[in-house]
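Quick notes on the structure that follows.
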Amino acid sequence: MIRFVVPLIAVLLFFLEPVFSLFSPIELGDIRYTLVPRFVMIYLIFITAYYSRERAIVYGIILGLLYDMFHIDIIGLYAFLYPLICFIASLIIREVHRHIVTVMFLSLSMIILLELFSFFFASLIALTSIHLDEFIVTRLVPTMVANSIFIIMFGWLFKNVIYKRVLLKRGDIL
């Protein structure tokens, strides 16, 4: 059963992202803040850190392609970005300790990278007309705050579920 829990959580998070997108944008005063949930990306980074880089990249391709098909008009953007971010995270996690706090900060920094890549791509093909400073204030910072709360709430759970799967795969638990 635990064998299917890791991909099942990834699929569940994929379907929960649009639900939490309904809370966005938020208007405070005259400023409209956009919160972008990146639950799948966070989970993929935890898989990268605690389970397998290859598995995270495969999940990233599949879930990125699904994200492209269901949420945006450009097929291939997130199918490329999700595995790329997982690969970059795997290179970084090799050099640092895999402590839960380190992986949490790595997840946040990789979300920043993902958001910047998607912003620069949208700017490059003229899908967005906002400037970088406006993007940082109205989208990146609120996205980081919302995803930080998510990581604090579920990071420990992700680590434990993935770690149990690793033990099962090695044969340490029955």
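Values quoted throughout were computed directly from the atomic coordinates according to the rules given, and no laboratory measurement underlies them. Quantities reported herein were computed from a predicted structural model and do not represent experimental measurements. When we count neighbours, we look across all protein chains shown, and the Cβ atoms used for this are built from the backbone with ideal geometry, even at glycine.
In this Cβ point-charge picture (+1 for Lys and Arg, -1 for Asp and Glu), the chain has a dipole of about 980 debye about its Cα centre. Diffusion coefficient of the stretch 24-128 by Stokes-Einstein, Kirkwood radius over Cα pairs, 37 °C, 0.692 mPa s: 226 µm²/s.
For the chain, what does -39500 (n - 2.57) per DSSP helix run (n ≥ 4), summed and divided by total residues, give at 222 nm, in deg cm²/dmol to the nearest 500? Numbers along the way, then the final one.
Working: 7 runs with 129 residues, N = 174.
The per-residue figure over the chain is -25000 deg cm²/dmol.
Mean sequence separation of contacting Cα pairs (under 8 Å, at least six apart), scaled by the length of the stretch 1-146, corresponds to a relative contact order of 25 percent. Mind checking which of Leu140, Ile152, Leu168 is farthest towards the positive end of the chain's charge dipole, using Cβ charges of +1 (Lys, Arg) and -1 (Asp, Glu) about the Cα centre? Farthest along the dipole direction, towards plus: Leu168. Among Met110, Met41, sorting on how many other beta-carbon atoms sit within 10 Å of each Cβ, with the fewest leading, yields Met110, Met41. Seen against the Cα atoms of the chain and their longest principal axis, helix 53-71 is set at about 40 degrees. Projected label points at Trp156 and Ile92, each 7 Å from Cα along the beta carbon direction, are separated by 2.3 nanometres. Gain on full extension, evaluated as 0.36 nm per residue between Ser148 and Val11 minus their Cα-Cα distance, stands at 47.3 nm.
At q = 0.10, 0.12, 0.21 Å⁻¹ the log10 of I(q)/I(0) for the stretch 69-174 amounts to -0.39, -0.54, -1.24, computed by Debye summation with a single uniform scatterer per C-alpha, solvent ignored. Going 7 Å from the Cα of Tyr163 toward and past its Cβ, which residues in the stretch 84-125 have a backbone nitrogen under 20 Å from where you end up? Of the residues in the stretch 84-125, 90, 93-108 have backbone N under 20 Å from the label point off Tyr163. Axis angle, to the nearest 10 degrees, between helix 77-95 and the longest C-alpha principal axis of the chain: 60 degrees.
Taking the Cα centre of the stretch 80-174 as origin and assigning +1 to Lys and Arg Cβ atoms and -1 to Asp and Glu Cβ atoms, the resulting dipole is close to 620 debye.
Per-residue extension of 0.36 nm, minus the Cα-Cα distance of Glu134 and Ile31, leaves a gain of 36.1 nm for this segment. Taking every alpha-carbon pair under 8 Å whose residues sit at least 6 apart, the stretch 67-169 reaches a relative contact order of 25 percent.
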